[in-house]
Amino acid sequence: MSSGPVLALVNEKLVGENFLKWKSKINIALVCENLKFVLTEVCPPEPPLNASRSVREIYDRWIAANNKVKGYMLAGMNDVLRLKHEHVENAYEIYGQQSSQSKHKAIKNAMNARMKKGQSVGEHVLNMINYFTEAETHGATIDDDMQVSMILESLPPTFLQFKSNYVMNKLDYNMTQLLNELQTFEAISIEKVQEGEANVVKENSSFLQS
C-alpha cells in the first residue's frame, strides 16, 4: 500500500455518509494499479488440476487482484464497517453493498425530507435535488413526476394553495420551473404577510391617536 492513491484512500475512512467520495478514491486507486477489472469481470471458474498454465494464470491473477482490492477497501473503512465486511470474499460485493445502502439512504432522506421552519423554499428544493441525484448515482430511478410529487409533499401548510392549484389545473412543471414558481409564490406570500403586519401597525397607531 505504498502508492499515492491507496494512501489517500486509507487516510479518509469510509463512514457511510461519504460513500461517493470514498468510491471516487477507490476507482482512482484501482485504475492506477490496473485492478478495476475485479469490479467488472466475473471470477473465472477454478481450473481443474490438469488445466493449462494460461488458464491457471488467468484464475490466479483474478484471485490475487480480488484479494488486493478487498484489502484496500477494508483498509479504507472505519472499524464498524470493516468488521461487517471482513467475511465477504468478493470485493465487488463490498462495493455493491455500500452502493445499495447509500442508494436506499438517499431515497429515504428524500421521502422523509420536510421543509424546516425559517428555511427558504429554494434551499429546501435544492437539498431535495441533491438527494435525488445521489440516489440516481447509486442506480435508483426516480422520474420527474415522482420528484415533483415528493417535493410538493415535503412542503409546509403555507404552500397548500400552491399544491392545490398544481393538482387542480393539472400543471406539469420540470424541476427548474417548479423551483422558480415556488420561489415566486414564497415571495408573494411573504409580501402579503408584511403588508398585513404593516396595516395592523397602522390601524393600532390610528386607534391610539384618536
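The values are calculated or read from the model by the stated rules, or taken from the named source; none is laboratory data. The structure presented is a predicted model; accordingly, all values stated were derived computationally and were not measured. Please note: Cβ atoms are built from the backbone with ideal geometry, for glycine as well, and neighbour counts cover all protein chains shown.
Within segment 30-79, the residues that satisfy the criterion of being modelled with pLDDT of 90 or more and of a type in the set (F, W, Y) are F37, Y59, W62. I'd like to check something: does segment 46-59 contain any residue that is in contact with a strand residue (DSSP E or B) (Cβ under 9 Å, 6 or more places away or on another chain), surrounded by 11 or more Cβ atoms within 10 Å (Cβ to Cβ) and farther than 21 Å from Y131 by Cα? Looking for residues that are in contact with a strand residue (DSSP E or B) (Cβ under 9 Å, 6 or more places away or on another chain), surrounded by 11 or more Cβ atoms within 10 Å (Cβ to Cβ) and farther than 21 Å from Y131 by Cα, one finds none in segment 46-59, hence no.
Checked against (1) touching a residue at least 40 places away in the same chain (Cβ under 8 Å); (2) touching a Phe, Trp or Tyr at 6+ places or on another chain (Cβ under 9 Å), V125 meets all criteria but (2). Exactly one condition in (1) at pLDDT 90 or above; (2) more than 30 Å from V193 (Cβ to Cβ) is not met by S120; state its number. Result: S120 passes all but (2).
Might you let me know whether segment 104-125 holds any residue that is touching a Lys or Arg at 6+ places or on another chain (Cβ under 8 Å) and of a type in the set (A, V, I, L, M)? Looking for residues that are touching a Lys or Arg at 6+ places or on another chain (Cβ under 8 Å) and of a type in the set (A, V, I, L, M), one finds none in segment 104-125, hence no. The one condition from (1) in a helix (DSSP H, G or I); (2) in contact with a helix residue (DSSP H, G or I) (Cβ under 9 Å, 6 or more places away or on another chain); (3) within 30 Å of K25 (Cβ to Cβ) that L83 does not meet is (2). Annotation note: Cβ proximity below 9 Å between a residue of segment 58-81 that is among the basic types (K, R) and a residue that is assigned to a helix (DSSP H, G or I) (sequence gap 6+ or interchain) occurs for K68/V38; K68/A91; K70/V38; K70/H85; K70/A91; K70/I94. Among residues of segment 21-63 being of a type in the set (S, T, N, Q) and part of a helix (DSSP H, G or I), the one that is farthest from M73 (Cα to Cα) is S54. A single member of E33, E46 is in contact with a Ser or Thr (Cβ under 9 Å, 6 or more places away or on another chain) and farther than 19 Å from L81 by Cβ, and it is E33. In summary, E17 fulfils each of the numbered conditions (1) touching a Lys or Arg at 6+ places or on another chain (Cβ under 9 Å); (2) in contact (Cβ under 8 Å) with a residue 12 or more places away in the chain with the single exception of condition (2). Can you name the residue in segment 95-154 that is of a type in the set (A, V, I, L, M, F, W, C) and over 15 Å from the mean Cα position of the chain (by Cα) and, of all such residues, is surrounded by the fewest Cβ atoms within 10 Å (Cβ to Cβ)? Here the residue is M146.
Just give me the residues in segment 72-122 being more than 28 Å from S189 (Cα to Cα), out of contact with any Phe, Trp or Tyr (no Cβ under 8 Å at 6 or more places or on another chain) and among the hydrophobic types (A, V, I, L, M, F, W, C), in sequence order. Within segment 72-122, L74, A75, M77, V80, L81, L83, V88, A91, I94 meet the criteria.
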